[in-house]
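Readers should treat all values here as calculations from the given coordinates under stated rules, not as data from a laboratory. Model, not experiment: these values are computed from the prediction. Quick reminder, even Gly has a Cβ in these numbers, built from the backbone with ideal geometry, and neighbours come from all protein chains shown.
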Amino acid sequence: NKQPAATATATATTPSSDEQSLASPILGQNEYVTVIVLGASGDLAKKKTYPALYSLAKHAFLPASTHILGYARSNLSTQDFTSRIQPGLKDSDPQRIAAFVSKLHYTHGSYDQPQDYANLDKAITQLENTHALPGQSKNRVFYMALPPSVFIPVANMLHAHCRAHNGAWTRVIVEKPFGKDLESSRELGRALAANWHEHELYRIDHYLGKEMVKNLISLRFANMFFGAVWDRHAIANVQITFKEMIGTEGRGGYFDEFGIVRDVMQNHLLQILTLVAMDRPVTLLADDVRNEKVKVLRCMRPIKTQDMVLGQYGPSEDGSKPGYLDDKTVPAGSKTPTYAAAVMFIDNDRWSGVPFILRCGKALNEAKTEVRIQFRDVPGGHMFPSTLSRNELVIRVQPKEAVYLKLMNKEPGLGYKQHIAELDMTYHERYEGVRIPDAYEALLLDVLRGDQANFVRDDELDAAWSLFTPALHEIDAGKIDPLVYPYGSRGPNGLIKFMAQYGVERD
Ligand code: NDP
Ligand code: BG6
């Protein structure tokens, strides 16, 4: 039952015409790939990696002959392993699930013993010999869904024992966190670079796989009118906001070591900022895009704690939800922030003087991620004696993806008063019934296609850490007492004043 690699399985759904027009083929006819998930017994693999691979298969984006090999220390049979994974695969077609499950394999071993990696190499080779067509190159994707403590030894062992043979390519997917500060990130970077070329490394920031984050490039550079007003002359401020309703529930141990600034701001929000602020890349090729992003980061000043508001959630006002410090996995008296607002500036021609306000927090009153671009005031004068509201362009990343522009409009009727109205492109109305893929699905497809544009490059990471490390060290040293806000509230008091200080008209 051998088929050419690029052919879809018989049971997969047909991709839309737009999806079919992907810039490059997924794999060439002469290519075969095995995806190896390290840490396959873990939470990320179960919640994200396997469901994303399944969704690719379901929508005919996983080359038919691809096989997926899970690896972890837990001693499980392939059958036990697949019965763990299967409940996470959502589909009403049992045949399609069965076809995918038949491609799943599992083998166990340590993360530090050479012999175990030699065995892993044998297991991969066996799959290749069984499923690749004669003459196909046998490529390998390693997905490190592992705790960061083992990234370096695993990357070294994979290089020593498990690289693809005979000129086929090997790609390594690395999950965050990429270090805890500039120094530890550089240490990880050096260790990876000792054995792997940058073009082989795919550092995931899953926000780069989100539909509306990817759309920023189209909105900005495929529309004449946005391009014309995208600078300090027209824009008063840019707000990038991430709000979650849940607290750290169960992840307090991990979270307390990192805090919200590392968990969300330094990566997800900063990535969005660079896409909002960068100049037009020459092409959409990975290095053209990433060169522009790095240029933005290098024009920014390191953040100071004086330019931040830090908060930590306490119990909800009605006492039904526990505070951060009530979580048993959180050390007593921890000052780790669960909320952060920060202002950053980009010292270049386009953005000089424009505040970029980043806000992120857990246990808040709503869940949303959005970019809000607030334009400058229109002079009212004698023409419009009543106050005009500022134009705003909002890109809602989640939930309910949307792009809308708030503008002043004449109130319909006999009068001449202006009021705010919206040009609204809410996705579920404009693109009714169109599926928006999960970020991990989009990113895994990019890895198979060898497109690194939505992955974080080493120098980009370095520049990002440089901006946050001094403030993070101050926070880590316990020098700042976070402001306590109730679980389920809008965040710490003082936020409105903080925003107003940077000319934000309203929160
Ligand atoms: P887990 O804690 O579930 O670990 C994954 C697997 O690694 C485990 O099943 C276990 O497998 C092995 N493992 C756990 N602890 C150790 C250890 N101390 N030494 C060696 N192996 C260990 O992690 P997640 O799946 O939650 O996360 C994996 C990576 O993805 C991390 O880097 C995380 O930061 C990142 N990530 C996770 C997200 C999530 O939602 N979970 C979201 C975004 C990023 P076994 O014992 O069988 O070998
Ligand atoms: C992760 C953070 O990177 O992103 C989590 O570690 C956060 O704390 C999550 O909840 C948010 O991702 P999403 O896709 O649910 O918005």
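Rounded to the nearest 10 degrees, the angle from helix 286-298 to the longest Cα principal axis of the chain is 40 degrees. Measuring how big the range 338-396 is from its alpha-carbon positions, Rg and Dmax come out at 15.6, 47 Å.
Computed on the range 100-193, with alpha-carbon pairs under 8 angstrom and 6+ residues apart, the relative contact order is 30 percent. Diffusion of the range 409-472 by Stokes-Einstein, at 10 °C in a medium of 1.306 mPa s and with Rh set to the Kirkwood radius over alpha-carbon pairs, works out to 93 µm²/s. DSSP bridge analysis restricted to the chain gives an antiparallel fraction near 50%, rounded to the nearest 5.
Charge dipole of the range 398-507 (Cα centre as origin; +1 on each Lys and Arg Cβ, -1 on each Asp and Glu Cβ, all else neutral): 660 debye, rounded to the nearest 20. Ranking G253, P486, T274 by how far each Cα lies toward the positive end of the dipole of the chain (charges on Cβ) leaves T274 at the top.
Relative to the dominant Cα principal axis of the chain, helix 182-195 is inclined by about 30°.
Taking the Cα centre of the chain as reference, the dipole from Cβ charges on Lys and Arg (+1) and Asp and Glu (-1) amounts to some 300 debye.
Rounded to the nearest 0.05, what FRET efficiency do Y431 and R73 give with R0 = 41 Å and r taken as the Cβ-Cβ distance? Could you check? The formula returns an efficiency of 0.40 here. Taken along its three principal axes, the alpha carbon spread of the range 36-189 comes to 49, 34, 29 Å, from the longest extent down to the shortest. Please work out the Cα center distance from the range 420-463 to the range 121-156, rounded to the nearest Å. Spelled out, the Cα-based centre of one part sits 26 Å from the other. For the range 399-507, applying the loop criterion from DSSP together with a ceiling of 15 other beta carbons within 10 Å to the GluC sites (Glu not before Pro) yields E432, E505.
With only alpha-carbon pairs counted, each pair once and no self-pairs, how large is the Kirkwood hydrodynamic radius of the range 62-133 in angstroms? Let's see the in-between values first.
Values: mean 1/r = 0.0746 Å⁻¹.
Result for the range 62-133, one decimal place: 13.4 Å.
Computed over the chain, relative contact order equals 16 percent, with contacts defined as Cα pairs under 8 Å that lie 6+ residues apart.
From its DSSP helices (H runs of at least four residues, each -39,500 (n - 2.57)), the chain gives a residue-normalised ellipticity at 222 nm of -9000 deg cm²/dmol. Phi angles across the range 308-323 convert, under the Karplus curve 6.51 cos²θ - 1.76 cosθ + 1.60 with θ = phi - 60°, into 3J(HN,Hα) values of 10, 10, 10, x, 9, 7, x, x, 5, 4, 8, x, 7, 10, x, x Hz, Gly and Pro given as x. Size descriptors for the chain, from the alpha-carbon set: Rg then Dmax equal 24.3, 83 Å. Using every pair of distinct Cα positions in the range 276-392, the Kirkwood expression returns a hydrodynamic radius of 18.3 angstrom. Projecting the Cα atoms of A367, Y313, A463 onto the charge dipole of the chain, computed from C-beta unit charges around the Cα centre, puts A367 farthest toward the positive end.
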